[in-house]
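Chemist: I have a structure here, written as structure tokens, and I will follow up with some questions on it.
The values are calculated or read from the model by the stated rules, or taken from the named source; none is laboratory data. Note that this is a predicted model, so its numbers are computed, not measured. Here the Cβ is made from the backbone with ideal geometry for all residues, glycine too, and neighbour counts use every protein chain on show. SASA here: full protein model, heavy atoms, side chains in, ligands and nucleic acids out. Shrake-Rupley method; radii C 1.70, N 1.55, O 1.52, S 1.80 Å.
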Amino acid sequence: MSTFYSHLREFRETIPELAVLSTCNRTEFYGLTRDREAADHALREAVYLHKGITHLNNGKYTYSWTGRETIRHLFRVAAGVDSMMVGEPQILGQVREAFDVAEQQRATGALLTRLFNSAIHVGKRARSETEIGRGTVSVAYAAVEMAQKIFDGLEKHAVLVIGAGETGALAAKHFSDAAPKTLTVVNRTYERAGELAKELGGQARRWEELDDALAEARVVVTATGAQEPILDPARMGRVLKRSGRGPKVLVDISNPRNIHPKVGGLDRVFLYDLDAHESIADQNRARRRKEIPKVEGIVAEEVDRFLAWYDSLEMVPVIRALRGRFEEIAGKEIQKQAKNFHPSDREALQEYTRALLNKLLHQPTTRIRSVERTSSHGLHKLVAIQELFELDVESYRKTARDEEGDLESDES
């Protein structure tokens, strides 16, 4: 990624701010530019040089937003409503990581800093104020939730995952996060089991040791590509004789099944198959989809808030707010000192103060007028002025355009 950002530094004048959000099914570019056509060309060239692909030239694979729609899109992404799996928890962290990387590459500025911080805020609101992220929609994680409910936690129980492919690895990751007493991985290819177990802080056992691992485990998850059951009633009967007392939870998330259905009829065995977990996941998916309108309301509210902030960076409202801030301070000081002046002198005092403010604010006002809001440096300056003087620009924004002509006479 650093190479990609390095290449685009050559186009800093065209794209003064940039952040790249890349996930398993999307790569998105967020930037500030005054020349959209030139910016598009620079991005396409960078992608081609970095990846050797020309997908950005094919409308089938691309979409492009500007203004409000860009803000709304990022906020929906962070909130989890634009994901393949509605409400997925990983996307918010990926949005945060995208901004962190862009910031480390010194590619961000005032606009993207505010935009991504707002997006993260939207994501947090969506998850705390709605149920968009409640209930697992992953079959692998549904298995973890099921086992945790049965045993009231896994801290005192051994977990065995049979299979180290994509599904098995995902299940092992979820069970590892639940902090079981031990996590064991068994796979026909021992090296793969070893890699996965090492990654998760667990242990690997060879396929020939499967019965031993079964006897020791209280929770067993099967996720292999075997076409025939690897656990049948006879084998599990022998395993149960070797095991201590207490139930065994068997979770079969394989297709076709790895565990013969009759195993569920054995004493001390609780068998849950793919259909049971799919049912749980489907119910949770439906629940999450019902929350989408609530999340869209949060997104719309935050988009308006972001645009109100952006509009406050217009130079006239900033000038008005700056003058208002100084006049407020001056007015308080005149009020304090009024008792020390004869009533006939108070009007002269106010006129003197007004003239002094005009002279003090003339140069800053002139400089603010020269700021280009469409440039990254211009945004930085306007934001810095607001923060430095703690300006309430919003209250001046609505009337500022109508009063712009008055500024000229005030500053003379």
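Chemist: For the residue pair residue 367 and residue 155, what label-to-label distance in nm results when each label sits 7 Å from Cα along the Cα-to-beta-carbon direction?
Modeler: 5.9
Chemist: Under 8 Å for C-alpha pairs, at least 6 residues apart: give me the relative contact order for the range 190-348, rounded to a whole percent.
Modeler: Numbers: 119 pairs, mean separation 23.8, N = 159.
Relative contact order, the range 190-348: 15 percent.
Chemist: From zero outward in steps of 5 Å, how is the percent of C-alpha pairs of the range 78-127 spread across the bins?
Modeler: Whole-percent P(r) values from 0 Å outward: 5, 22, 29, 21, 14, 8, 1.
Chemist: Something else now. Go through the range 243-256 residue by residue and turn each phi into a ³J(HN,Hα) via Karplus (6.51, -1.76, 1.60, θ = phi - 60°); whole Hz please, and just put x for glycine and proline.
Modeler: 7, x, 5, x, x, 10, 9, 10, 10, 9, 10, 9, 9, x
Chemist: Residue-wise, which Karplus ³J(HN,Hα) couplings in Hz belong to the range 171-180, taking 6.51 cos²θ - 1.76 cosθ + 1.60, θ = phi - 60°, and x for glycine or proline?
Modeler: Working through the residues one at a time gives 4, 4, 4, 5, 5, 4, 5, 7, 6, x Hz.
Chemist: Residue 269's amide H: which non-local residues (gap 5+, or another chain) put their own amide H closer than 5 Å, with H modeled 1.01 Å from N in plane and none for Pro or chain starts?
Modeler: It is 248, by chain and number.
Chemist: Follow-up. At 1.4 Å probe size, put 245, 235 in order of accessible surface, largest to smallest.
Modeler: On the way: 245 225, 235 50 Å².
If we order 245, 235 from most to least accessible, we get 245, 235.
Chemist: For the range 308-325 and the range 132-209, what is the separation of their Cα centres, given in Å?
Modeler: 56
Chemist: Now a separate question. Quickly rank 324-337, 300-313 as a protection proxy: mean count of other C-beta atoms within 10 Å, highest first.
Modeler: Values: 324-337: 12.7, 300-313: 16.4.
Output ranking for 324-337, 300-313: 300-313, 324-337.
Chemist: For residue 6, what accessible surface area do you get with a 1.4 Å probe? Give it in Å², rounded to 10.
Modeler: So the heavy atoms of residue 6 present about 60 Å² to solvent.
Chemist: Taking a threshold of 30 Å on the Cα-Cα distance, which of the pairs 124/181; 124/198; 198/262; 181/241; 124/173; 124/156 fall above it? Spell out each step's value before the answer.
Modeler: On the way: 124/181 32 Å; 124/198 33 Å; 198/262 34 Å; 181/241 22 Å; 124/173 24 Å; 124/156 33 Å.
Beyond 30 Å: 124/181; 124/198; 198/262; 124/156.
Chemist: To continue, here is another question. At a 1.4 Å probe radius, carbon and sulfur cover how many percent of the accessible area of the range 1-47?
Modeler: Working: 1120 of 2470 Å².
With neighbouring chains kept in place, the figure for the range 1-47 is 45 percent.
Chemist: Using heavy-atom solvent-accessible surface (probe 1.4 Å) with all chains present, what is the largest-first order of 260, 157?
Modeler: Values: 260 65, 157 30 Å².
Largest accessible area first, the residues go 260, 157.
Chemist: Now, a different point. Once phi is turned into ³J(HN,Hα) by the Karplus curve 6.51 cos²θ - 1.76 cosθ + 1.60 with θ = phi - 60°, what whole-Hz value does each residue of the range 289-306 show in order, with x for glycine and proline?
Modeler: 4, 5, 7, 4, x, 5, 5, 4, x, 5, 4, 4, 4, 6, 5, 4, 5, 5
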